[in-house]
Amino acid sequence: MSNQDGVIMEKNAVYTKDAPKPLGAYSQAIKAGGFVFTSGQLPIDPATNQIVGSTIEEQTRQVILNLKAILEKAGAGLEAVVKTNVYLKDLNDLQVMNKVYGEFFDPSWTARMVFQAARLPRDVLVIMDMTAFLG
């Protein structure tokens, strides 16, 4: 793949069995230009392919663990995350989601955007995607 100056940019798909298989025609993540861009992750247990938990705490924790596994496979980790997008079924869950998110991230580590979505795949409570810098 070339950019506008004709410089070839490498783009590689990332896959790990330690995170859920994609539900469609996409990769768990893409490495490109010194960054890792994850696809949105649901609170699915990769071993059983089942939704984990019925609370925002349980589902947030599973989503972050899935993202952590993908980032580690890509050669990064949660400490390399520069941006997170969070999609909530109910924005009233923001405070509780923040508490769990804070177990994994220092507030100065990431930029973040939070949205309330009309409906999320498989009717989960939360989905996240992350961008990490590989250095």
Taking only Cα atoms and a 10 Å spring cutoff, compute GNM fluctuations for the chain and point out the largest among Gly24, Gly102, Gly33. Gly24
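Given a Förster radius of 35 Å and the C-beta distance between Glu79 and Ala118 as r, what FRET efficiency does 1/(1 + (r/R0)^6) yield to the nearest 0.05?
Computed FRET efficiency for Glu79 and Ala118: 0.60.
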Once the Cα atoms of helix 56-73 and of the chain are each reduced to a long axis, what angle between those two axes, in degrees from 0 to 90 to the nearest 10, is obtained? 20
Rounding to the nearest 20 debye, state how big the charge dipole of the stretch 11-133 is about its Cα centre with +1 on each Lys and Arg Cβ and -1 on each Asp and Glu Cβ. 440
For the residue pair Asn98 and Phe133, what label-to-label distance in nm results when each label sits 7 Å from Cα along the Cα-to-beta-carbon direction? 2.5
Residue-averaged [θ]222 nm for the chain, counting only DSSP H segments that reach four residues, each worth -39500 (n - 2.57): -7000 deg cm²/dmol
What's the magnitude of the charge dipole for the stretch 87-135 around its Cα centre, counting Lys and Arg as +1 and Asp and Glu as -1 at the beta-carbon? Answer in Debye, nearest 20. 120
With Cα coordinates, the longest principal axis of the chain makes an angle with the long axis of helix 94-104, in degrees rounded to 10, of 50
For the chain, with equal point scatterers placed on the C-alpha atoms only and solvent neglected, what are the log10 I(q)/I(0) values from the Debye formula at q = 0.11 1/Å, to two decimals? -0.38
Sketch the reach of a paramagnetic label on Tyr26 as a point 7 Å from Cα along Cα-to-Cβ, and name the residues of the stretch 84-104 whose backbone nitrogen lies under 19 Å away. 84-90
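Taken together, the values in this text are just the output of simple stated rules run on the coordinates, not laboratory data. Keep in mind it's a predicted model, so treat the numbers as computed, not measured. With ideal geometry, Cβ positions are generated from the backbone for all residues, glycine too; neighbour counts draw on all protein chains shown.
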